[in-house]
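Presented below is the structure to which this report refers.
The values are calculated or read from the model by the stated rules, or taken from the named source; none is laboratory data. Just so you know, these numbers come straight off a predicted model, no measurement behind them. Glycine also receives a Cβ, built like all others from the backbone with ideal geometry; neighbour counts cover every protein chain displayed. Ligands, DNA and RNA are stripped out before the accessible areas are found, and what is left, the full protein with its side chains, is counted by its heavy atoms. Shrake-Rupley method; radii C 1.70, N 1.55, O 1.52, S 1.80 Å.
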Amino acid sequence: MHLLSAGCASALLFAALLCQVTSLETVIGLYGETIKIPCNIGATNAEDITITKWKYDKGEGVPGNLLTKQKNQNVSIIPTDEYKDRVRMDENFNLLLSAAKLSDQHTFTCMVVALGDVLEYPVNVLIHKSPVGLEISEKAEELAIGRLTKLGKCVAKDANPPANITWFKNNTPLVADGKGISIQASVLVDSVTGLSTTTSTLEYSAKKEDTDARFTCRSQHSEGQELVSSSVTFTITYSTENIVLQVNAQNRLVEGDNLTLKCVADGNPAPTSFNFHLKGELVKAENTDTYTITNVSRDTTGQYKCSLIDNPSMEAIKNITVNYLDINLSPSGNIVKRAGEALNLSLQIDSSEEAKVFWTKNNVKLNKKPEFAKLAYSDSGHYECSVTIGVISRKASFDLTVEGAPVIKQLSKDRSKDGQHKVLICEAEGSPKPAVSWSINGTLLDESPFINGKITHKIKVVPSANLTVSCTVTNEFGNDSRAINVSSSVIEEVRMDKQDQSEDGDQTRLVVGVIVGLLIATVVIGLAYWVYTKKSKQGSWKTGEKECGSSEEEKKLEEKVEENSQKAEV
């Protein structure tokens with residue numbers, strides 16, 4: 001097979017009988033651009049390919065040879081016709097066809113010879129082209145209501161396949177219904193290029209709402225983005241049947257805003273002059289459909305009208321409300337009161353509708369309006385109320401200071417963590433901030449921040465003896481004092497406790513020793529008595545004097561045992 005050449009046609013025809021034909025693949029190329037037609041060799045190893053050849057179907061089964069390449073040799077270009085300078089092969093055996101045109105729509109076949117087999121891979125080529133552009137021509141000067149009128153023509157030039165054209169009104173597609181919409185399309189094919197030009201003609205029966213409507217035509221081609229023509233509008237003439245009074249104001253109207261009234265009529269051409277009725281006052285507006293009221297107030301609220309100058313009975317009515325909000329907080333500003341007194345707050349609201357009220361103290365939201373039946377030091381602070389209706393907001397505030405003579409709430413003592421000294425704690429209330437003093441010299445441990453009229457003062461002391469310590473708090477309104485008993489040094493107390501424990505231990509050991517000694521003596525005497533009794537019974541055959549003497553000695557031993565037993569009990 002390596003000896004085969006491009007000219008061995010008979011051998012190739014014979015080998016073609018053994019070819020394996022794959023399913024037909026389709027490649028779509030773009031008009032005027034280079035098309036890559038793949039040579040799908042599948043699992044065939046490129047190193048095993050000895051000959052690669054491209055051909056195409058000229059028609060009626062007649063093949064046209066394009067390229068041939070033998071292994072390790074350059075590509076040979078065969079044709080002398082239009083493909084001579086437009087075909088080449090890349091490193092993957094793909095056919096590259098430049099300057100694509102409609103006449104290139106053939107079946108191209110890649111034939112390879114590898115390991116004794118001849119394989120063919122046919123590919124069907126289609127050429128697509130988007131239309132050059134869309135434009136609406138032969139436009140109507142105006143449209144009549146209820147009469148089918150030719151609106152215009154939409155033309156899509158030089159496309160393949162032919163373009164499909166759709167008409168739109170305000171971005172909504174129009175569909176022929178045989179009544180108010182008629183669409184006729186035609187296609188013209190260029191005899192030289194084979195490209196198609198599509199023309200779509202729209203006939204349309206206008207309605208009132210078609211005034212200022214924008215008509216366009218669009219084409220969505222298979223190979224390219226959607227094309228959209230420039231929009232066109234048409235004049236539609238009809239008499240005024242409806243009139244509306246509009247209010248142009250940002251958000252809701254509030255005092256100080258400007259109010260613009262606009263009269264809108266549906267006639268075409270629309271009326272250019274109107275009558276404006278301003279709460280009973282008639283104002284004629286020539287060549288304009290608007291009237292502006294500047295710097296409105298709550299007195300501007302009322303009913304307004306506009307009407308046609310040539311037909312006053314055709315009018316529109318609008319009720320207009322100017323929103324307003326006034327508040328009065330009493331008392332306000334800086335307020336100084338004594339602890340225990342009452343403070344009555346009054347908030348008066350004058351508004352165009354129900355208002356929402358929010359209270360804060362020191363920028364923290366409160367759940368309700370503050371009430372002060374009996375003022376406490378913790379009531380001191382900055383209070384603010386915020387009142388709103390819609391976009392209007394009003395604020396008022398006061399600063400409350402509660403003053404009074406200081407009072408000691410608690411005087412207590414504690415032992416430090418290291419157990420080396422005593423800690424005295426004096427907690428007091430009062431305003432202005434009270435000064436704290438002690439009747440004993442001590443070291444200041446801590447003084448809390450003065451918040452809500454409260455202060456806590458801590459000192460540490462090491463008293464040498466039991467004593468009474470007093471804490472005194474003072475401000476410009478008075479003073480208060482309280483005393484507390486403090487024992488001697490913590491160190492001495494600990495030493496005395498240890499001595500007491502040592503003496504108690506010595507006494508306990510002495511008592512236990514005495515008791516154990518008495519118990520041992522009792523046991524010894526008892527044992528001696530038992531031995532003596534046993535010997536006496538063995539010598540009972542002796543004389544009566546000896547027996548009498550033994551009885552007296554036995555009696556003395558019994559008395560001794562009893563005496564020792566009593567001492568042991570004690």
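Before moving on, here are some points about what is shown:
- Computed from backbone phi, the HN-Hα couplings of the stretch 284-294 come to 9, 10, 8, 6, 7, 10, 10, 8, 10, 10, 8 Hz, rounded to whole numbers (Karplus: 6.51 cos²θ - 1.76 cosθ + 1.60, θ = phi - 60°; Gly and Pro given as x).
- Taking the centroid of alpha carbons for each part, the stretch 263-312 and the stretch 35-75 are 83 Å apart.
- Relative packing of 262-269, 58-65, 390-397, which averages over residues the other C-beta atoms within 10 Å, highest first: 262-269, 390-397, 58-65
- Nearest-0.05 FRET efficiency for residue 40 and residue 105, computed from C-beta distance (R0 30 Å): 0.95
- Nitroxide proxy distance, nm - points 7 Å out along Cα→Cβ at residue 353 and residue 288: 3.0
- Here the calculated FRET efficiency for residue 417 and residue 451, from their Cβ-Cβ distance with R0 = 22 Å, stands at 0.30, rounded to the nearest 0.05.
- Between the stretch 191-212 and the stretch 323-356, the alpha-carbon center distance in angstrom: 72
- The order of 130, 219 by accessible area, most exposed first and with a 1.4 Å probe, is 130, 219.
- Additional length obtainable on full extension of the chain from residue 96 to residue 177, 0.36 nm per residue less Cα span: 24.3 nm
- Taken about its Cα centre, the stretch 218-263 carries a charge dipole of roughly 80 debye when the Cβ of each Lys and Arg holds +1 and the Cβ of each Asp and Glu holds -1.
- Largest to smallest in accessible area, the residues 384, 33 fall in the order 33, 384 (1.4 Å probe, all protein chains included).
- With each label modelled as a point 7 angstrom along the Cα→C-beta vector, the residue 33-residue 399 pair spans 7.6 nm.
- FRET E, pair residue 208, residue 335, Förster distance 60 Å, beta-carbon r, rounded to 0.05: 0.35
- Measuring with a 1.4 angstrom probe and ignoring ligands and nucleic acids, residue 71 comes out at about 80 Å² accessible.
- 3J(HN,Hα) from dihedral phi, the stretch 105-122, Karplus parametrisation 6.51/-1.76/1.60, rounded to Hz, x for glycine, proline: 7, 10, 9, 9, 10, 9, 10, 10, 10, 8, 6, x, 9, 10, 10, 10, 10, x
- Amide hydrogen neighbours beyond the local backbone of residue 194, cut-off 5 Å, H modeled: none
- Residues whose amide H comes within less than 5 Å of that of residue 29, counting only those at least five positions distant or on another chain, are 126, 127, 128 (H built at 1.01 Å from N in the peptide plane).
- The protection proxy used here, the mean number of other Cβ atoms lying within 10 Å of each residue, ranks peptides 202-215, 332-345 as follows, highest first: 202-215, 332-345.
- Length available on full extension from residue 273 to residue 73: 0.36 nm per residue minus the Cα-Cα distance, which gives 63.1 nm.
- Remark: for residue pairs 374/433; 361/409; 71/129; 169/318; 157/208, the C-alpha separation exceeds 28 Å in 71/129; 169/318; 157/208.
- Amide H contacts under 5 Å for residue 309: 275, restricted to partners 5 or more places along the chain or on a different chain, H placed in the peptide plane at 1.01 Å from N.
- Gyration tensor verdict on the stretch 203-341 (Cα atoms; rounded if a/c is under 1.5, prolate if a/b is larger than b/c, oblate otherwise): oblate
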